[in-house]
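Below: the structure, in structure tokens.
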Amino acid sequence: ERRVPHVSPPVFARLRDQARLQRDSAGHPVPLYHPRPPVADEPRRGLALLPPPSDGDIFFDMEGFPYAPGGLEYLFGAVTRNGTAMEFHDWWAHNEAGEKAAFEGFIDWAVARWRRDPSLHIYHYAAYETAAAKRLMGRYATREAEVDDLLRHGVFVDLYAVVRQGFVIGTPSYSLKAIERLYRDSRAGEVVSATGSVIEYQRWIDSGEPRRWQESPILAGIREYNRADCESTWALRSWLLDRRREGGIEYVPAPGGQPERGKGRIGRDGRPGSTEDDPPTETEQLAARLLARADARADRDPDAAALDRLIGWLVEFHRREEKPMWWRMFERHGKTVEERYDDPDRLAGLVRTAAPPRPNKRSWGLEYAYDLAQDTTLRAGSKVWVAGIMDASFEITAMDEDAGLVEVKVGPKKSLPDRICLLEKESVPADVIKEAVARYAAAWEG
């Protein structure tokens with residue numbers, strides 16, 4: 001079989017299939033496509049990630065302007081069903097204060113809707129929307145519990161993952177604009193791409209037109225483009241549901257204790273496993289008291305109030321900073337074996353060899369073989385997770401990069417399957433720093 005240096009067989013097969021379908025789609029108004037074959041060891045992939053529809057479902061898209069200082073998410077758009085009609089909702093921002101208010105407005109609206117209908121999901125295409133929500137909740141230290149709840153319960157559904165894992169499509173890219181030829185007519189209007197919306201927003205800045213879209217033809221055009229993206233996301237979900245019914249594929253929910261793909265079960269303490277029902281931590285209570293004291297004496301002693309507010313924010317700083325690390329961990333656990341071949345901080349497709357377990361003090365060393373075509377940063381001594389196992393970490397105790405062999409240290413009460421993927425285990429800030437900050441804040445409060 002043909003091999004390409006430093007390209008693993010699964011990745012090469014995927015690329016070759018993609019290239020063939022792109023070639024065969026040339027000249028066709030609708031691109032050719034076919035379902036990806038199921039993978040026995042990975043039931044939760046492709047169309048199996050698509051939840052049952054709900055009347056309350058939200059179809060979400062954001063517009064951002066990267067050339068503002070620090071970036072600006074200036075439009076949060078969402079489409080919902082209202083009987084047989086589609087209803088569009090929008091939140092606008094043209095500066096930092098507006099961005100914070102628009103973010104809070106969307107999250108509050110979505111959470112209230114979800115509380116009324118726990119079966120609904122928020123559908124989006126690609127990771128931009130969830131990445132922006134995480135970034136904004138950290139940037140403004142607001143709506144952290146609400147965003148965590150939505151992530152923890154798998155409310156966000158990335159249709160890009162469903163498409164990429166479920167189908168091979170003969171398009172140059174898997175962008176929403178490229179694949180929507182499968183299920184809707186070509187778009188009309190002045191703004192037809194994300195790049196175009198950035199250009200139009202800059203044109204609006206230069207034009208001096210009013211800030212309300214009702215009074216600005218440029219903003220009205222961007223709004224129509226965003227609405228079209230939201231409606232296209234809804235149409236894609238409908239198309240995917242039809243394909244799932246045709247294929248007889250059932251939705252496979254995340255198993256107990258496991259996150260939805262790319263989502264994180266991050267608790268109030270910043271770590272996985274706890275829930276929104278857990279009582280506030282001591283540092284949360286301390287931060288709340290300091291912020292309340294800052295508000296109470298803001299008028300009579302603004303300098304002390306400013307210090308209260310600064311220290312109150314600092315108390316929770318380390319917990320917030322840990323969250324991206326945990327999110328990355330959950331995202332890697334949720335990837336398919338094929339996708340992990342492209343990630344250098346892992347080893348994918350390891351297969352247990354016939355070598356007997358090697359005693360290692362009270363533990364055992366299990367030998368696995370891997371494909372040498374993979375480039376990896378993992379080495380002997382690396383601390384690792386095993387994909388799909390979140391209650392324990394492991395260590396690579398030996399690695400033969402010429403033979404493609406690794407030895408994984410397993411405790412006396414642990415076992416591993418014959419086929420595994422290893423993921424780099426990131427470290428977290430030292431607890432002693434967080435404890436020192438909390439002690440200082442408590443002393444300041446007193």
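Would you check if there is a residue in region 201-209 being closer than 26 Å to TRP92 by Cα, buried (at least 20 other Cβ atoms within 10 Å of the Cβ) and modelled with pLDDT of 95 or more?
Quick first cut of region 201-209, residues closer than 26 Å to TRP92 by Cα only: 201-209.
With buried (at least 20 other Cβ atoms within 10 Å of the Cβ) added as a condition, the list becomes 201, 204.
With modelled with pLDDT of 95 or more added as a condition, the list becomes 201, 204.
Taking every residue of region 201-209 in turn, at least one turns out to be closer than 26 Å to TRP92 by Cα, buried (at least 20 other Cβ atoms within 10 Å of the Cβ) and modelled with pLDDT of 95 or more.
For (1) free of Cβ contacts under 8 Å to residues at least 40 places away in the same chain; (2) in a strand (DSSP E or B); (3) open to solvent by 70 Å² or more (accessible area, probe 1.4 Å), each residue gets a yes or a no:
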| position | (1), (2), (3) |
| --- | --- |
| THR376 | yes, no, no |
| GLY381 | yes, no, no |
| ASP402 | yes, no, yes |
| GLU407 | no, yes, no |
| CYS421 | no, yes, no |
| GLU426 | no, no, no |
| ALA436 | yes, no, no |
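Among the numbered conditions (1) at pLDDT 80 or above; (2) open to solvent by 40 Å² or more (accessible area, probe 1.4 Å); (3) under 30 Å from HIS153 (Cα atoms); (4) part of a strand (DSSP E or B), tell me where TRP385 comes up short.
(2)
Any idea which residue in region 15-62 is nearest to the chain's Cα centre (by Cα), counting only those that are of a type in the set (Asp, Glu) and within 30 Å of PHE106 (Cβ to Cβ)?
This residue is ASP61.
Give the residue, chosen from LEU150, LEU136, that is more than 16 Å from GLU99 (Cα to Cα), open to solvent by less than 10 Å² (accessible area, probe 1.4 Å) and of a type outside the set (Gly, Ala, Ser).
Exactly one residue qualifies, and that residue is LEU150.
Between residues in region 41-54 that are more than 16 Å from PHE156 (Cβ to Cβ) and residues that are outside any loop (DSSP other than H, G, I, E, B), which pairs lie under 6 Å by C-beta distance while being six or more apart or on different chains?
As it stands, the answer is ARG45/GLN165; GLY46/GLN165; GLY46/GLY166; LEU47/GLY166; LEU47/ARG244, since those pairs meet every condition given.
Do any residues in region 340-366 that are under 17 Å from LEU378 (Cβ atoms) and aromatic (Phe, Trp, Tyr) have Cβ atoms under 7 Å from those of residues that are open to solvent by less than 90 Å² (accessible area, probe 1.4 Å) and assigned to a helix (DSSP H, G or I), where the two are at least six apart or on different chains, and which pairs are they?
Correct list of pairs: TYR341/PRO10; TYR341/VAL11.
Can you name the condition, by its number, that TYR128 falls short on among (1) at pLDDT below 95; (2) buried (at least 19 other Cβ atoms within 10 Å of the Cβ)?
Unmet for TYR128, out of (1) at pLDDT below 95; (2) buried (at least 19 other Cβ atoms within 10 Å of the Cβ): (2).
Is it true that some residue in region 44-61 is among the acidic types (Asp, Glu) and surrounded by fewer than 19 Cβ atoms within 10 Å (Cβ to Cβ)?
Yes, there is a match, as at least one residue in region 44-61 is among the acidic types (Asp, Glu) and surrounded by fewer than 19 Cβ atoms within 10 Å (Cβ to Cβ).
The values are calculated or read from the model by the stated rules, or taken from the named source; none is laboratory data. Remember, predicted model here, so these are calculated numbers, not experimental data. So basically every Cβ, Gly included, is an ideal-geometry build from the backbone, and we count neighbours across all protein chains shown. Side chains are part of the model used for accessible areas, which takes the heavy atoms of the whole protein and leaves out ligands, DNA and RNA. Shrake-Rupley method; radii C 1.70, N 1.55, O 1.52, S 1.80 Å.
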